[in-house]
Structures are given as C-alpha cells and as structure tokens.
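The values are calculated or read from the model by the stated rules, or taken from the named source; none is laboratory data. The structure displayed is predicted, hence computed values, not measured ones. Cβ coordinates were reconstructed from backbone atoms using ideal geometry, including for glycine residues, and neighbour counts include every protein chain displayed.
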Amino acid sequence: MSNIVLQDVFIIGLLILLAVPLGIYIYKIMSGQKVFLTKVLSPVEKGIYKVMGIKCGEEMNAITYILSILVFSGFGVLLLWLIQMLQGFLPFNPQGMKAPSWDLAFNTAASFVSNTNWQAYAGESTLSYITQSMGLTVQNFVSAAVGIAVLFVLIRGFILTQKKTLGNFWVDLTRITLYVLIPLSLIVSVILISQGVVQTLSPYKSVSTLQSGISQTIPLGPAASQIAIKQIGTNGGGFFGANSAFPLENPTSFSNLIQLLCILLIPASLCITFGKAVKNSKQGRAILAAMLILFVIALSVVTFSEQNLAPHFAGATVAGNMEGKEVINGVGSSSFWGTATTAASNGSVNASHDSFTSIGGMMLMFLMQLGEIVFGGVGSGLYGMIGFVILTVFIAGLMVGRTPEYLGKKVEPFDMKMVCVVILMPLLLTLLGTATAVMMPGVTTWLTNKGAHGFSEVLYAFSSLANNNGSAFAGYNANNPFTNIIGGIIMLAVRFVPMSAVIFLAGNLANKKFVAAGEGTLSTSNTMFVMLLIGVVLIVGALSFLPALALGPIADYFTHRGI
C-alpha cells in the first residue's frame, strides 16, 4: 500500500509541476501575447483566417458566439455521420469495413462532437482508418477546442466591463487548436510510438501463435495520433475496443504514466490560466485546491476499496482486487486511472470498471454525477466548477444578508438562472435517462448482471452519457436503438445547453460595472471558502443521487458483502 501512496504522490506532484508553465502559456495564447511558437505558427494562423474569410478584429456578442458554436458543431455531427455511412466506399479501408447502422452512426457522431466519446462499438471491427482519423480524430481536436473557447468567453465576462462583445469564436478555435492541442499531441504521439503504440496504414496482420496450427489477427492502424489527442483533449475514445487496456494502445508503464498525466494536464493548467487572466492567482489556486482535495478523497476511497478485498477473498495471495485489471498496471495505477478518467471528462479506461468493487465503482460513478467539475473536461470542467463557485458565493451572501459578488461582479437573478442550468442539466438528464431505460421492456437483455449490480450498470451508463464522460461499466450492451438515439440526444443536450448558458452568463457579466471590494466582501480565495465550496459540491451531489446510489452500488455492497 505504501508503494501505491508514493506512486500517487509522485504523479500528482508531477502534474502540478507541469500544469503551472502550461497554464501560463495558455494564458498568453488567450490574451494574444507572443509565445515561442509564434514565429512558426503565425503565418499558418493568418493563412487560415484568410481562407476562412475571418477578420481577427471582429468580435461577437453572446448570441452570435453561441450560434457559431451550434452551426459548427451541427455541421460536425452531419459530416461525421456521413463519413461513417460512406466508409465502405471511401479509401484507407483495408479491412473492407461496411457502414454501421444509422442509429449507431448518429450516436457516435453525437458522442465525438460533444466531447463525450461514448463508444457502443469496437473500433477495430467497425470503423475504417479514414473514419478513425479524418472523422473521430478531427473531432477530438475541435470538440476540445470548443470547450476551452467557451471557458475563455466566461473569463472575458469577468475581466471586461460594460462591453457587449466576447471575442471571436473562429479566432479562439483556431488559436487553441494551433498553439495548444496540435503541439502537445505531436509530442505525446512521438512518445507513445516510441513505447510501441501502433501508427500505420497497413492492413491487419495474421500471425502464427505458439500453439501449432493456430493463427491470430493483430489489428493495426493510425492509433498513436488518435490516442494522444483523446487523452490531452479529455475525449477518451479508444482506437480499439478495449481502449487503454489494450496492449497496442497502452503497452508499457511509461505510456500509462504519460496518458494519465495527459488526462488531467490541461484541466489543471486552466486553473492557473484563470488566476492569471483575472489578475488574481489566488483565485485559480483556490479552485485547483478544491479540485485536488475532492480528487484525493475519491482516489483514497477507490484505492482502499480495491486494495482491501471483500471478505469472500480473505487470505487470498493476490495484491488486491485484480479482476478486470492489467497485471502491468496493478491496483494502484488502475485505481488512479479510474479516478482520473471519471473526475475529468475523459472516459478512457485501463481496467474494467464493472469489475471494481461496489464502493470503488460507486465512487467512479459519483465523480461523474458531481457534474465532471473535479478537473473535468478541458474548459468545461472549470466553467462548471466556476458555476459552483458562484452558487457558493450566492449561498454565503444569503447567509450574511449581502448582495453576492464574485471577482468584482455582482451576482444577480439572471446569473443564478444560468448557473442553475449549468449545474442541474446533467443531473436531471442522468436521472431521467436512467429512469426511462429501466422501464424499457428489453432492458434485462442489455445487462450482464441482474439485481442491484444490473441497476448500477444502467445508472453508470447514463451518468456517463449525461456528463459527457464516455466510460462504461462494460456490462451494459449499449448498441441498441434506444440507447443510441436517446443517448445521442442526451449527449448533445448536456453539452450545448449548459455551454449556451455559460456564454449568456458571460455576456451578462461583461456588460456590468466593476464593483470594488469592500470590508464586507467575501474572500473567495481562502481556506474557509475552499471548504465551503467543497461542501456545496458534495451536498448537491449527495442530495441528488443518494437514493439512486442506494438502489445500485450501496445495495450491491450489502448484498454481496463488498465485492
């Protein structure tokens, strides 16, 4: 156990060490300052604007910014759906993959455009190389960039005064992709290739096994390039069906460490960016501290639960619950990855979450149900957490009888309405989706398990769909028309409705005057506020999901004595 603790401390320390310079770099990109890549990439950036007919100086108001995102994302859904449906006629399809069903293609398109990357298919048996690279990988880049762009809009809402414009979506999208996501992905891709992750356009290979007369087909493809951005952009969609538990996607301990860091790197860095942008680094550090505390609590529960086996296995010689886990990763790395991928809006897995103990699986589920604000997705995690910050400020203001304010902007009724949309939308769709699914006549045929664990599989699936996570318990057969269609609609709604609310919130904040802090102004950067923020997050999550968790993993724990 001590080795696991040391490993966890090392990874978290390395994460913070890398997050600080990257956060400062992203701030410079956001504020239009020159960086070390400017000389190389500036001509490319200007060329993109010229081809697209974009004038950098033209800014958008909230409605125009939202419409730009919706049009761009809607076109992305349509294009990705068409690529899948036509993949049988397109090049770079050496295995002759045919088109998936229309509902699965819709679900996949909605999934990758919404940065969810929920997968009701196995990539190596369903999608061609061109669909994986020109379809899914492209959306991994742009969906991540959209999330960061919306965070930039919210930050501008705090730093601008009496202004109706919030920047230009096309400029934000281009700069984030060009200066942040592509360079990081290139570096990580090369590292992964060096570790043995495949990157080729060659057909699948048939090899002879040690058993005489038996051959095995080894799936190949341009995997490393997609895996890099799937982790960096908190996308999470695996090139292969087993995701990062597959040896050609995550072959070594070092590749596992690199991918783990990538899952949390940009979400952590953006806290530093936020502090720099609002000219108060303490604000960014306070949010990062709240995220880290929640993360460490969840990691401790998951690791303890997986390391200390259920009573059924008392006296076993294995080191913890190794069911569904790769030996090379063990309990420690699998627990850290599971916590990271559900705390962030990533969803990639290096172990089967369905094989985690009842309490370990419950904690992974609960991290998603909090709204993916413990680090969360790139951009979306931080603006979701800022929503909770504003809610906390509002509650504190009611307690002391003062008009609440945050970063010099008064929090008014319209602001709270938008915050409620951001916080409640994922929560409501999780519960509604789960309730609808369990009432479907054929639901038992979609499940590997019955009873409380079967309900946990359904609850986990819709917690994942309604929070843009994408991971699964692996016991839920998701490739059915109901889940494909309803799940696709949920993923799009939970992505773009809260996103629109954040932009409207930013527009309202930017139009306000700046209010100087006074003696009665609540400090939002001290330890007391961090603890209050954590309390509000946990109370909202517990009040919303405790009954559902009691029917699922908690009942499963008492039924099967902790397995």
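Things worth noting here:
- Residue-level check: of (1) more than 30 Å from Gly488 (Cα to Cα); (2) modelled with pLDDT of 90 or more, Ser2 misses just (2).
- Val188 being under 25 Å from Tyr27 (Cβ atoms), among the hydrophobic types (A, V, I, L, M, F, W, C), buried (at least 22 other Cβ atoms within 10 Å of the Cβ) and in contact with a Phe, Trp or Tyr (Cβ under 8 Å, 6 or more places away or on another chain): no
- Residue list for region 227-254, filter: surrounded by fewer than 24 Cβ atoms within 10 Å (Cβ to Cβ), of a type outside the set (Phe, Trp, Tyr) and not in a loop (DSSP other than H, G, I, E, B): Ala245, Ser253
- Screening region 118-131 for residues that are within 14 Å of Ser202 (Cβ to Cβ) and not in a loop (DSSP other than H, G, I, E, B) and picking the one that is modelled with the highest pLDDT gives Tyr129.
- Filtered by the rule that a residue be buried (at least 20 other Cβ atoms within 10 Å of the Cβ), under 20 Å from Glu412 (Cα atoms) and touching a Pro at 6+ places or on another chain (Cβ under 9 Å), region 491-540 gives a lone residue, Pro498.
- Criterion (within 28 Å of Gly284 (Cβ to Cβ) and of a type outside the set (Val, Ile, Thr)) met by exactly one of Leu522, Leu543, Leu492: Leu522
- Taken over region 454-475, the criterion of being over 18 Å from Leu429 (Cα atoms) and crowded, with 23+ Cβ neighbours inside 10 Å is satisfied by Phe473 alone.
- Residues considered: Leu492, Leu533, Leu551. Of these, the only one that is part of a helix (DSSP H, G or I), under 26 Å from Gln307 (Cα atoms) and out of contact with any Lys or Arg (no Cβ under 7 Å at 6 or more places or on another chain) is Leu551.
- Members of region 111-128 found to be under 14 Å from Gln87 (Cβ atoms) and crowded, with 24+ Cβ neighbours inside 10 Å, listed by number: Gly123, Leu127, Ser128
- Considering Ile563, Ile554, the condition of being at pLDDT below 90, within 18 Å of Val302 (Cα to Cα), hydrophobic (A, V, I, L, M, F, W, C) and surrounded by 13 or more Cβ atoms within 10 Å (Cβ to Cβ) is satisfied by Ile563 alone.
- Residues located in region 445-463, provided they are of a type in the set (S, T, N, Q) and under 14 Å from Asn479 (Cα atoms): Thr445, Thr448
- A residue that is over 18 Å from Phe274 (Cα atoms) and touching a helix residue (DSSP H, G or I) at 6+ places or on another chain (Cβ under 7 Å) cannot be found anywhere in region 145-162.
- Residue in region 417-430 that is touching a strand residue (DSSP E or B) at 6+ places or on another chain (Cβ under 9 Å), surrounded by 22 or more Cβ atoms within 10 Å (Cβ to Cβ), outside any loop (DSSP other than H, G, I, E, B) and not acidic (Asp, Glu) present: no
- Test result for Leu465, under 30 Å from Trp337 (Cα atoms), over 20 Å from the mean Cα position of the chain (by Cα) and modelled with pLDDT of 90 or more: no
- Yes/no for Ser215 being surrounded by fewer than 24 Cβ atoms within 10 Å (Cβ to Cβ), in contact with a strand residue (DSSP E or B) (Cβ under 7 Å, 6 or more places away or on another chain) and either of a type in the set (S, T, N, Q) or modelled with pLDDT of 90 or more (or both): yes
- Those residues of region 84-96 which are surrounded by 21 or more Cβ atoms within 10 Å (Cβ to Cβ) and in a loop (DSSP other than H, G, I, E, B), in sequence order: Gln87
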